[in-house]
Amino acid sequence: MASLCAVDDRGIVGMGRVVGDGAFYLFVVDLIVHPEQQHHGIGSRLLAGLEAEATRISATGTLALVADLDVVPFYERQGYQRAASALLTKPLTPAH
Ligand SMILES: CC(C)(COP(=O)(O)OP(=O)(O)OC[C@H]1O[C@@H](n2cnc3c(N)ncnc32)[C@H](O)[C@@H]1OP(=O)(O)O)[C@@H](O)C(=O)NCCC(=O)NCCS
């Protein structure tokens, strides 16, 4: 639905995407900053930009994401709260 890149004079140093159904549920995925460029505010600015895109797409939807446990503090700093829900996954297999 929306993708953002952070660029410096050497090339792309970060990226992130918003995916979803365009109405009720939107998800931040693939937010990543080059290891040498982390802790300079790039991730926060990318996330703010993705939130602006999500709001443009659906101002009344819910924005959600799945975070590795070690980066939960990054998202909490940006106002995200842990949900009570459990993450359930199921690998898909090709139909025969
Ligand atoms: C998470 C990530 C996108 C943050 O990007 P960033 O540009 O470093 O973020 P900012 O500089 O805007 O904010 C950094 C702040 O977030 C928090 N933070 C970031 N990474 C953290 C970590 N691994 N553990 C704890 N806090 C973290 C800290 O408060 C940090 O503040 P500090 O720089 O004063 O220490 C980046 O660390 C990254 O790409 N990590 C690897 C991929 C990843 O885990 N992506 C998220 C998928 S869920």
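For His96 and Cys5, FRET efficiency with R0 = 41 Å and r from the beta-carbon atoms, rounded to 0.05?
In this case the efficiency is close to 0.55.
Highest first, please rank the peptides 27-37, 1-11 by the mean number of other Cβ atoms sitting within 10 Å of their residues.
So the order, starting with the most tightly packed, is 27-37, 1-11.
At 222 nm, what value in deg cm²/dmol follows for the chain if DSSP H runs of at least 4 each add -39500 (n - 2.57) and the sum is divided by all its residues, to the nearest 500?
Only helices count here, giving -7000 deg cm²/dmol.
Select from Ala59, Gln38, Gly14 the residue farthest towards the positive end of the dipole of the chain; place +1 on Cβ of Lys and Arg, -1 on Cβ of Asp and Glu, and compute about the Cα centre.
Working it through, the farthest residue towards the positive pole turns out to be Ala59.
With an 8 Å Cα cut-off and a minimum separation of 6 or more residues, compute the relative contact order for the stretch 2-77 in percent.
31 percent
What list of ³J(HN,Hα) couplings, whole Hz, do you get for the stretch 7-22 from phi and the Karplus terms 6.51, -1.76, 1.60, once you set θ to phi - 60° and write x for glycine and proline?
Computed from phi, the couplings for the stretch 7-22 are 10, 10, 5, 9, x, 6, 10, x, 7, x, 9, 10, 10, x, 8, x Hz.
Assigning unit charges at the beta carbon (Lys, Arg +1; Asp, Glu -1) and nothing else, what dipole magnitude in debye, to the nearest 20, does the stretch 2-77 show about its Cα centre?
Its charge dipole is roughly 180 debye.
What are the ³J(HN,Hα) values, in whole Hz, obtained from phi via the Karplus relation 6.51 cos²θ - 1.76 cosθ + 1.60 with θ = phi - 60°, for each residue of the stretch 65-79 in sequence order, with x given for Gly and Pro?
So the Karplus estimates, Gly and Pro as x, are 7, 10, 10, 4, 4, 6, 9, 3, x, 4, 6, 4, 4, 8, x Hz.
Computed over the Cα atoms of the chain, what is the convex hull's projected area averaged over all directions, in nm²?
Averaging across all directions leaves 8.4 nm² for the Cα convex hull.
Under 5 Å between amide H atoms, partner at least 5 residues away or on a different chain: which partners does Ala6 have, H built in plane at 1.01 Å?
When sequence neighbours closer than 5 places are left aside, the close amide H contacts are Val13, Gly14, Met15.
If amide hydrogens are placed 1.01 Å from N in the peptide plane, which non-local residues have theirs closer than 5 Å to the one on Leu31?
Excluding prolines and chain starts, which carry no amide H, the hits are Arg17.
Please report the carbon-and-sulfur percent of the accessible area for the chain; probe 1.4 Å, protein heavy atoms only, DNA, RNA and ligands left out.
57 percent
Using mean Cβ contacts within 10 Å as the protection proxy, how do 42-54, 67-79 order, highest first?
Ranked by mean Cβ neighbours within 10 Å, highest first: 42-54, 67-79.
Using θ = phi - 60° and the Karplus relation 6.51 cos²θ - 1.76 cosθ + 1.60, list the HN-Hα couplings for the stretch 39-50 in order, rounded to whole Hz, with x at every Gly or Pro.
6, 10, x, 5, x, 5, 5, 4, 5, 4, x, 5
The values are calculated or read from the model by the stated rules, or taken from the named source; none is laboratory data. Please read these numbers as outputs of a predicted model, since none were measured by experiment. All Cβ positions, glycine included, derive from the backbone under ideal geometry; neighbour counts span all protein chains shown. Just the protein is used for accessible areas: all its heavy atoms, side chains included, with ligands, DNA and RNA removed. Shrake-Rupley method; radii C 1.70, N 1.55, O 1.52, S 1.80 Å.
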